Structure formats: C-alpha cells, structure tokens
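Working notes, beginning with the structure itself.
Any read-out appearing in this document is the output of simple, stated calculations on the displayed coordinates, not a laboratory observation. If you're wondering where the values come from, they're calculated on a predicted model, not measured in any experiment. Cβ placement follows ideal geometry from the backbone for every residue including glycine, while neighbour counts extend to all protein chains displayed.
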Amino acid sequence: MNTLKVIGFTEAKKETQEIYSQVKTKIGMLPNLYASMGVSDKLLGGFLTYRETIQSGEFTAKEYEAIALITSQENGCAYCISAHSALAKMNGFTEKDTLSIRDKSIEDPKSNALVNLASQLVIQKGKPEQTAVNNFLEAGYNKAAFAELIAAVALTTITNTIYHNGGFEIDFPKAQEIEHLINS
C-alpha cells in the first residue's frame with residue numbers, strides 16, 4: 001500500500017518546509033522517510049523532537065542504533081534496516097555486528113540482553129517475557145532504561161509503519177539480506 005508519498009520542498013506547507021530546512025542543515029540531506037512524514041508538520045516535527053529527547057536518555061548512540069535495527073528487523077522494514085545499518089556503522093558497529101544484531105546473535109552479553117528485550121517488545125506486542133526483562137536488568141540497565149526502551153521501540157515502529165504505507169525509494173545504502181522485504 002502506497003498511501004503516503006514523498007512530499008517535496010515546494011509541495012510542502014510552510015511549516016513543513018521549515019522543518020525540512022532544519023533537517024537538511026543538521027544531517028545534510030532530507031531522507032525520503034522524513035519527506036513522507038512531511039505530509040503533516042505536526043507528525044514530522046513532533047517525531048523529531050521526541051526522537052531527540054529519547055536519544056538523549058539512558059542509551060548510548062550505539063545502543064540506540066541496536067534498538068532501532070532489531071525493531072526494524074522484527075517489523076520487516078527494508079528502509080529502516082538500511083538506514084539503521086548505515087547509522088550503526090557510523091556509531092562503531094561493523095557490518096558483521098549489524099547482521100548479528102538483526103539475528104539476535106550479538107556476543108556482548110549486555111548488548112544481547114538489550115537486543116533480545118527490544119525484539120520481545122515487538123514480537124510480543126509490548127508484553128515481553130519476564131526472562132527477557134530480568135536479563136536486561138541483570139545486564140546493568142535500570143527501570144528508566146526499560147521505559148525508554150519501550151519509547152525507542154515505539155519510535156522506530158512509527159518509521160517502520162510509515163515506510164510500509166509509503167513504499168518510497170530507499171535512499172541509504174541497502175543493507176544485506178533485505179531484498180525479500182522491498183516493496184512487500
């Protein structure tokens with residue numbers, strides 16, 4: 001279903017154009033995902049503000065990318081898997097690490113607990129198994145991190161759902177093993 005389309009700068013409302021300009025200044029490009037969210041300046045502006053707030057919380061940038069990557073994998077979002085694979089590499093992960101996150105085989109115990117709980121939140125529709133929660137807390141995370149993990153999974157699920165309802169071009173290097181997800 002391609003209900004949402006990329007809204008170009010000239011097509012966008014004035015408020016959205018201002019947000020687009022801020023995004024381009026900050027990251028050097030306007031990703032197609034954000035240009036599709038631009039159909040609503042409230043959605044795009046609110047999303048970006050909320051994302052920035054959550055990313056300044058309990059998790060490192062590297063941990064945040066691991067959360068976004070496994071959430072996108074579990075939700076089958078080719079666009080976000082590609083975007084977050086690229087961002088994960090910019091934050092210190094290797095290609096092998098990104099694949100290990102996606103198949104939940106990452107070797108670091110703390111990262112493994114994080115990725116597995118994020119996966120459980122998606123698969124179990126917000127009701128993870130208690131073992132996954134216990135492993136997360138025992139790995140050294142606190143309850144604030146648990147609450148922020150829920151928010152990070154929800155934020156990524158928003159972007160995954162936008163893509164599923166837009167089907168726009170992936171404007172990041174395509175991640176490995178996503179061909180079956182593109183345009184499905």
Within the chain: Cβ-based charge dipole about Cα centre, in debye rounded to nearest 20 (Lys, Arg +1; Asp, Glu -1): 360 debye
Among (1) 36, 17, 15; (2) 23, 18, 16; (3) 28, 18, 15, the entry that matches semi-axes √(5λ) of the Cα gyration tensor in Å as calculated here: (3)
Rg/Rh (Cα only; Kirkwood hydrodynamic radius) as it applies to region 37-139: 0.98
Mean projection area, nm², convex hull over Cα of region 118-178: 5.5 nm²
Theoretical FRET efficiency, 1/(1+(r/R0)^6), r = Cβ-Cβ of T94 and M29, R0 25 Å, to 0.05: 0.60
Charged-residue dipole, Cβ positions (Lys, Arg, Asp, Glu), region 52-120 about Cα centre, Debye nearest 20: 100 debye
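What's the ranking of 79-86, 147-154, 57-64, 45-52 by average number of surrounding C-beta atoms within 10 Å, highest first? Don't jump to the answer; show the numbers that get you there.
Numbers: 79-86: 26.0, 147-154: 19.2, 57-64: 16.9, 45-52: 14.5.
By packing density, highest mean first, the sequence is 79-86, 147-154, 57-64, 45-52.
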Sites K110 and Q176 - FRET efficiency at Förster radius 25 Å, r taken between beta-carbons, to 0.05: 0.50
Chain lengthening between N142 and A86 when straightened (0.36 nm per residue, less Cα-Cα): 17.4 nm
Lys, Arg +1 and Asp, Glu -1 on Cβ, resulting dipole of region 14-55 about Cα centre, debye, nearest 20: 80 debye
Principal axis dimensions, largest first and in whole angstrom, of region 107-153 by Cα: 24, 21, 17
